[in-house]
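Data block below; observations after.
The values are calculated or read from the model by the stated rules, or taken from the named source; none is laboratory data. Because the structure is predicted, anything quoted here is derived from the model rather than measured. Neighbour counts run over all protein chains shown; Cβ positions are idealised from the backbone, glycine included. Each accessible area value is taken on the protein alone, full model and side chains, heavy atoms only, with ligands, DNA and RNA left out. Shrake-Rupley method; radii C 1.70, N 1.55, O 1.52, S 1.80 Å.
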Amino acid sequence: PRGVYRGGVKGGALAERLRGPIGLEMQAPWAALLLWGYKTVETRLYPLPAELLGREVFIVESAEGCAGVSAVSDEVAAGTPGLRILGTAVFSATDPYADRTSWEADEYRHRVPPTSPYGWKDGRLIYGWEVSTVRPFAEPAPVPAMRRAVRSIFSLELPEEGGASRFPTLKSRLGSPPRADAAGSIPTINLSPFVHGTPEEQQRVVDAVREQCEYIGFLRVTWDDFPFETVAAAQDAARRLFNCSEQEKHRWSKSSIKKETSSYTSTGYRGSGSTENNKNRESWSCTSPDYSPLAAAWGPDKEYFLGERGQQHFALDPDPQVPWPDEARLPGFRAAVCEYHAEVEELGKVLLRIFARVLKCEEEELLGMADKHVSAMNLFSFTMGEGGEVLPAHADVSAFTILSHDTSALAAGSASLQMLTPDGVWEEVHGQPGCFLVNLGQIMQRWSNGRLRATVHRVVPPKGGEDGAKRQSITFFQLLNYDASVSVLPECCGAEHGPAKYEPQSVADWTENRLSGFYVPPEKRDINKCWFNYNADAYVV
């Protein structure tokens, strides 16, 4: 009966049942979090049977329920409501945790919070099932008839021919990958022909961007007069800031400013571990660094900048828009950051024009949604020897993100950025001089009705450098005007492209929905559900 835990069969009968297609029952939202790379170790009180190591296992999602109680019967009829197959995973190891210390150190992979009834208890073994490959389905599939083999492992009644390949996956829906260059899955595209070339040359650039982003939402872009000096100056400015003392850096943060109004001020400096997205790295961030409250008061868009909604993104006089470091202490920092910001802001306009052509809408339509954008730019620094997680698997809440790594002789360690490929494996994304790395965000996926991919990626601690050495990057998150729309574009849905996969939403409502969970006090926050909600649009194929 339902609600009673069943152990299943054992011995030779178990081995027999494990020969055919096998499903692992996981409650929501854990099934999706595993298949999209957020959870990389599944934990159980028993080892995965050796017969299943290295084999594709179907991930069967059940409704969220009570800990320790299975809501799934031993015998399940095909199409049973509340059960569905989300994809497959391959597990490569099934080892027990040695002690509480090793369990707690691995939380960023297994994701089981300390308060969970599935957490560590002295005197019992917990096994970690290491995930090596994931394969999310293009659409959830109805559950076939299945029978419990052991614990949460079921034998599935599926035709022998085809196996898992009979289900459409993210990989099969995307088709064959475009041709990449020697750097791997991410090509470098020269944008000069789009800016200065003939209509035919422009179209070749548009086609190259489209082909890449319909498969993987990562690409590198360059142009003939690439701003090497501007990038180098900004990276040098960032390095000088992060080499300052902790006391100095904290002076250049919003929290150190005595504000006169309740309007916005950029965050400025944040120390390592201060927020959910600053684990094991420090940052300094700004929004609209060239914005002037006094100029806005006399401009035609006064209400947009200084009205009640505008004050959530722009400062009112006399408060500063950005908590700049002292010029005497860091000479040239502000100028270098502003010049870099202006460069990537112009690149953002070119990219919006290109994506407008990819999506077959008017260039002015996309440009008009970002002509008073509230984009954030972050300087990040990682210190060698600080282990653990930096940023879990996610897709950016942006239209796209423009990033440069420090590739100078002073850069330390290996690549920290990794993307989840359509093959279901993590691929390192290396910094390269003379180009910017661009990755699509969930806004672009929404605009395109899922045609362009906001590829899931993560940030891991860099390795290979001496302890204490630094590795850094500068990231520009291209956002929109706060009153713009993130709804599916009319050109991307309808008779030719199918119905809209996403509900119509404004930037403000959508952003609030995606981020609100992170503002709940940590002791009341379910951080795993926060990330599930944050990534919701990226999980739609």
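Stretching the chain fully between E104 and K121 yields a gain of 5.0 nm (0.36 nm per residue, less the alpha carbon separation).
Of the residues S416, G332, Q505, the one whose Cα sits farthest towards the positive end of the charge dipole of the chain is S416 (charges of +1 on Lys and Arg Cβ, -1 on Asp and Glu Cβ, taken about the Cα centre). Normalised by residue number, the volume inside the convex hull of the Cα atoms of the range 408-511 is 150 Å³ per residue. About the centre of its Cα atoms, the chain shows a dipole size close to 1700 debye [charges on the beta carbon of Lys, Arg (+1) and Asp, Glu (-1) only; nearest 20 debye].
Look at the Cα gyration tensor of the range 320-443: its axes a ≥ b ≥ c give a/c of at least 1.5 with a/b at or below b/c, and that counts as oblate. Within the chain, the longest segment free of exposed loop sites, counting chymotrypsin sites (Phe, Trp or Tyr not before Pro) that fall outside DSSP classes H, G, I, E and B and have at most 12 other Cβ atoms within 10 Å, spans 6-297. For the modelled label position 7 Å from the Cα of A71 along Cα-to-Cβ, which residues of the range 107-149 have backbone nitrogen atoms closer than 16 Å? Hits in the range 107-149 for A71 at 16 Å: 143.
Round to a whole number: what % of the accessible area of the chain belongs to carbon and sulfur, probe 1.4 Å? Walk me through the numbers on the way to the answer.
Values: 12370 of 23780 Å².
The value for the chain is 52 percent carbon and sulfur by accessible area.
Bridges between two residues of the chain, per DSSP, are antiparallel at a rate of about 90%.
May I ask you to derive the FRET efficiency for F518 and F228 from their Cβ-Cβ distance with R0 = 41 Å, giving the value to the nearest 0.05?
Details: r = 37 Å, r/R0 = 0.89.
With R0 = 41 Å, the Cβ-Cβ based efficiency is 0.65.
For the range 248-285, trypsin sites (Lys or Arg not before Pro) meeting the loop criterion (DSSP other than H, G, I, E, B) and having at most 15 other Cβ atoms within 10 Å: K258, K259. Show log10 I(q)/I(0) for the chain at q = 0.05, 0.08, 0.10, 0.12 Å⁻¹, two decimals, from a solvent-free Debye sum over equal Cα scatterers. Result of the Debye calculation: -0.22, -0.57, -0.88, -1.22. When you filter the GluC sites (Glu not before Pro) in the range 303-385 for DSSP loop state and at most 15 other Cβ atoms inside 10 Å of their Cβ, you are left with E308, E327, E362. In this structure the range 107-255 gives 50 Å² per residue of accessible area when probed at 1.4 Å with all protein chains present. Per residue, the range 348-486 exposes 29 Å² of accessible surface when a 1.4 Å probe is rolled over the protein heavy atoms with every protein chain present. Largest first, the extents of the alpha carbon coordinates of the range 208-262 on the three principal axes equal 49, 30, 19 Å. Can you give the FRET efficiency to the nearest 0.05 for A297 and R329, using r as the Cβ-Cβ distance and R₀ = 51 Å? The computed FRET efficiency comes out at 0.95. These residues, D290, D483, go from largest to smallest accessible area, 1.4 Å probe, as D290, D483.
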